[in-house]
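Trainee: Okay, here's the structure, questions in a sec.
Only the coordinates and a few stated rules stand behind these numbers; no lab work does. Values in this document were obtained by computation on a predicted structure and should not be read as measured data. Here Cβ is always computed from backbone atoms with ideal geometry, including for glycine, and neighbour counts include all displayed protein chains.
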Amino acid sequence: MTHAAATFRFAPSPNGFLHIGHALSACLNFDLARQAGGRFLLRIEDIDQARCRPEFETAIAEDLSWLGLAWETPVRRQSEAFEAYRAALRALDAMGVVYPSFESRAEIARLVAERERAGAWPRDPDGAPLYPGQANRMEVAERARRIASGAPYALRLDMAAALARIANHALSPLTWVETGCGPNGETGIVPADPAAWGDIVLARKETPTSYHLSVVVDDAAQAVTHVVRGQDLFAATSIHRLLQVLLDLPAPTYRHHRLILDAQGNKLAKSTRATGLRELRRGGASHADIRRLVGL
């Protein structure tokens, strides 16, 4: 790969204003792209139509411009790429590695509670309980009947079937190239563990994609070669590598960077005024001040 082919991206969701944690990620991607003589892209991850708003997207562009960043246009918006995600789902369905589940969130919580009364129930790397249902055993005709009736559903990845499908793949066992480090110092060739996530949701009736599905489709569509993002997404890379292999998509090089935490040691939220870029700018901070603040 030549330096000219290196492509980096910053992909915020327009559901709030940017904070200094976003500034670290955006500036790091921009700096690395410039050092490599490559491309820097802005992607708007707006699949959550209930929370994403145009004014937040406008504010994102204003904040990034204030930081001195420039990106290629047109900007890719996930809300405009739904057909690409549907096509990926159709491909996975043809492999027999997706299925619909019909439990409500309350029903899933009840099932988890039942499992936990019988003993410990596994949780994913983010701390959420694994899917406890058995919808993957439902008869095809019953699935079709429920969908035709208009019942809400989630499309899940059948993890066991997916892992069985790639068992003899040239890239099995799954790994990725990590040039940053994980929360426990993982770097270099990192083994992936998608099974730790269970049967994750890939889409819902009302939304034809999820973060996990859209991010791998988008990265391939935009020829992203280097994914630079926070350590909170380190474990999720296992899912992304599995989907990349299933869909025959290229694997970027990954670099997970440190997180900027609040005084309580928690990941920053977009509602945190003290670390919001707009508030800091209005308070007289310069873009150079922000770079110093985030350690760049």
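Trainee: Karplus couplings for segment 76-84 from phi (6.51 cos²θ - 1.76 cosθ + 1.60, θ = phi - 60°), rounded to Hz, Gly and Pro as x?
Mentor: With coefficients 6.51, -1.76 and 1.60, one gets 7, 10, 4, 5, 9, 10, 4, 5, 5 Hz.
Trainee: Could you tell me whether segment 7-134 comes out rounded, prolate or oblate from its Cα gyration tensor? Rule is a ≥ b ≥ c as square roots of the eigenvalues, rounded for a/c under 1.5, then prolate if a/b exceeds b/c, otherwise oblate.
Mentor: Numbers: a/c = 2.32, a/b = 1.91, b/c = 1.21.
Prolate, because a/c is 1.5 or more and a/b exceeds b/c.
Trainee: Give, in nm to one decimal, the length gained when the segment between A61 and S104 is fully stretched (0.36 nm per residue of separation minus the Cα-Cα distance).
Mentor: Gain in length upon complete extension: 11.8 nm.
Trainee: Would you mind ranking L202, L28 by Cβ crowding within 10 Å, fewest neighbours first? Walk me through the numbers before you get to the answer.
Mentor: Values: L202 25, L28 20.
Ascending number of Cβ neighbours within 10 Å: L28, L202.
Trainee: Need the full-extension length gain, R51 to D248, defined as separation in residues times 0.36 nm minus the C-alpha distance. One decimal, nm.
Mentor: 67.7 nm
Trainee: Separate question: Dividing the Cα radius of gyration by the Kirkwood radius, what Rg/Rh value follows for segment 169-296? All intermediate terms of the calculation are to be shown ahead of the outcome.
Mentor: Details: Rg = 17.4 Å, Rh = 16.8 Å.
Answer for segment 169-296: 1.03.
Trainee: Each label point is 7 Å from the Cα along the Cα-to-Cβ direction; what then is the distance between the points at Q35 and T187, in nm?
Mentor: 1.2
Trainee: Take R90 and N136, extend 7 Å from each Cα along the Cα→Cβ direction, and tell me the distance between the two endpoints in nm.
Mentor: Going by the 7 Å Cα→Cβ label model, 2.5 nm.
Trainee: Enumerate the amide H contacts of G230 below 5 Å, restricted to partners 5 or more residues apart or on another chain; note that Pro and chain-start residues carry no placed amide H.
Mentor: H257
Trainee: Restricting to Cα atoms and excluding each atom paired with itself, what does the Kirkwood estimate give for the chain in Å?
Mentor: Working: mean 1/r = 0.0484 Å⁻¹.
Value: 20.7 Å, from the Cα pair sum.
Trainee: To continue, here is another question. For the modelled label position 7 Å from the Cα of K205 along Cα-to-Cβ, which residues of segment 131-171 have backbone nitrogen atoms closer than 13 Å?
Mentor: Zone members listed by number: 143-155.
Trainee: If you don't mind, another one. Hey, how many Å between the Cα centroid of segment 163-208 and the Cα centroid of segment 48-81?
Mentor: Each part's Cα centre sits 28 Å from the other's.
Trainee: Contact order normalised by length for segment 203-296, with contacts defined as Cα pairs under 8 Å and 6 or more residues apart; what percent is it?
Mentor: Values: 61 pairs, mean separation 21.6, N = 94.
Relative contact order, segment 203-296: 23 percent.
Trainee: So, one more: Expressed as an acute angle from 0 to 90° and rounded to the nearest 10, what is the orientation of the C-alpha long axis of helix 54-66 relative to the principal long axis of the chain?
Mentor: Taking the Cα atoms of the chain, the angle to 54-66 is about 40 degrees.
Trainee: Another question, then. Using the count of nearby Cβ atoms within 10 Å as a rough guide to exposure, how do V227, V177 rank from fewest to most? Walk me through the intermediate numbers first.
Mentor: Details: V227 23, V177 14.
The most exposed by this proxy come first: V177, V227.
Trainee: Please state the relative contact order of the chain as a whole percent: Cα pairs under 8 Å, 6+ residues apart? Write out the running numbers ahead of the final one.
Mentor: Numbers: 445 pairs, mean separation 70.6, N = 296.
Relative CO of the chain lands at 24 percent.
Trainee: Another question, then. Which ordering of Y131, Y99 is given by a fewest-first count of other beta-carbon atoms within 10 Å?
Mentor: Working: Y131 23, Y99 20.
Listed from fewest to most nearby Cβ atoms, that is Y99, Y131.
Trainee: Right, next: What is the extension gain from A285 to N266, computed as 0.36 nm multiplied by their sequence separation minus the C-alpha to C-alpha distance, in nm to one decimal? Intermediate values should be presented prior to the final figure.
Mentor: Details: separation 19, 0.36 × 19 = 6.84 nm, distance 2.35 nm.
Fully extending the segment from A285 to N266 adds 4.5 nm.
Trainee: Can you list the HN-Hα couplings for segment 231-237, worked out from phi with the Karplus curve (6.51, -1.76, 1.60; θ = phi - 60°), rounded to whole Hz and with x for Gly and Pro?
Mentor: So the Karplus estimates, Gly and Pro as x, are 5, 5, 9, 4, 5, 5, 4 Hz.
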